[in-house]
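The values are calculated or read from the model by the stated rules, or taken from the named source; none is laboratory data. Remember, it's a predicted structure, so these values are computed and weren't measured experimentally. Here the Cβ is made from the backbone with ideal geometry for all residues, glycine too, and neighbour counts use every protein chain on show. Accessible surface is based on the protein model in full, side chains and every heavy atom, while ligands, DNA and RNA are left aside. Shrake-Rupley method; radii C 1.70, N 1.55, O 1.52, S 1.80 Å.
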Amino acid sequence: MGYTVRQNLILNGTMGETRNISLFPLPDTVFYPTTLLPLHIFEPRYREMTAHAIETGQWIGMVLLRPNWEDYYYDQPPVHPIGCAGKLEKWVQKPDGKYNIVLSGQIRFRILEEFGDTPYRQARVELLENINDAPINKEKGSPFYQLASRFWEFRDLLPEEKRDSLELDFDKCKTLGDATDRM
């Protein structure tokens, strides 16, 4: 990688490194580096996972469930092998033991193997490098400018009441990949 944009995101690890994380599979939630993901944690196994992450600082890896997961939800339904690891940015434990948390996206990963006997899933993962990424150039005609222009054109085709939900904040984006992840 010819630049150091991601270095601030992986202070406790390096790309290509393997690491143990907890897995939080969901059917329709995709998570990206440099983004925030608020979650309400109510299932006992994921409350335990959250308490473990608070105590140890271990990352939580968001992964998508594969199709037809419903029959295996309380067991170990198949998941896609690529996900995004997040660290707990904020959390509040409610009196009933449930949590409201915010994950801060750190880096993509590939599941190498699952292990352990906890009620929640754990895996050894490989941290993945962003490839073909470049610093943002906001000048007219740049790839970022073209991508953002297409997004705004798409947004303008939506019914007016849906447009406001698609506001984008590119201020924290340092690379084209960061901007793409936010779209």
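A single member of Arg150, Arg155, Arg110, Arg124 is surrounded by 13 or more Cβ atoms within 10 Å (Cβ to Cβ) and not in a strand (DSSP E or B), and it is Arg155. When segment 35-71 is filtered for residues that are assigned to a strand (DSSP E or B) and farther than 25 Å from Asp96 by Cβ, the ones remaining, listed by number, are Gly61, Val63, Leu64, Leu65. Checked against (1) part of a loop (DSSP other than H, G, I, E, B); (2) under 20 Å from the mean Cα position of the chain (by Cα), Val102 passes all but a single condition, namely (1). For Thr14, the test of being within 13 Å of the chain's Cα centre (by Cα), of a type outside the set (A, V, I, L, M) and either at pLDDT below 90 or part of a helix (DSSP H, G or I) (or both) is failed.
Counting only residues that are open to solvent by 30 Å² or more (accessible area, probe 1.4 Å) and under 13 Å from the mean Cα position of the chain (by Cα), which one in segment 58-87 is modelled with the lowest pLDDT?
So the first thing to find is which residues in segment 58-87 are open to solvent by 30 Å² or more (accessible area, probe 1.4 Å), and the list is 58, 64, 66-76, 78, 80-82, 87.
With under 13 Å from the mean Cα position of the chain (by Cα) added as a condition, the list becomes 64, 82, 87.
Working: Leu64: 92, Ile82: 95, Lys87: 96.
Here the answer is Leu64.
Could you list all residues from segment 108-141 that are touching a helix residue (DSSP H, G or I) at 6+ places or on another chain (Cβ under 6 Å) and of a type in the set (A, V, I, L, M, F, W, C)? Answer for segment 108-141, where residues must be touching a helix residue (DSSP H, G or I) at 6+ places or on another chain (Cβ under 6 Å) and of a type in the set (A, V, I, L, M, F, W, C): Ala134, Ile136.
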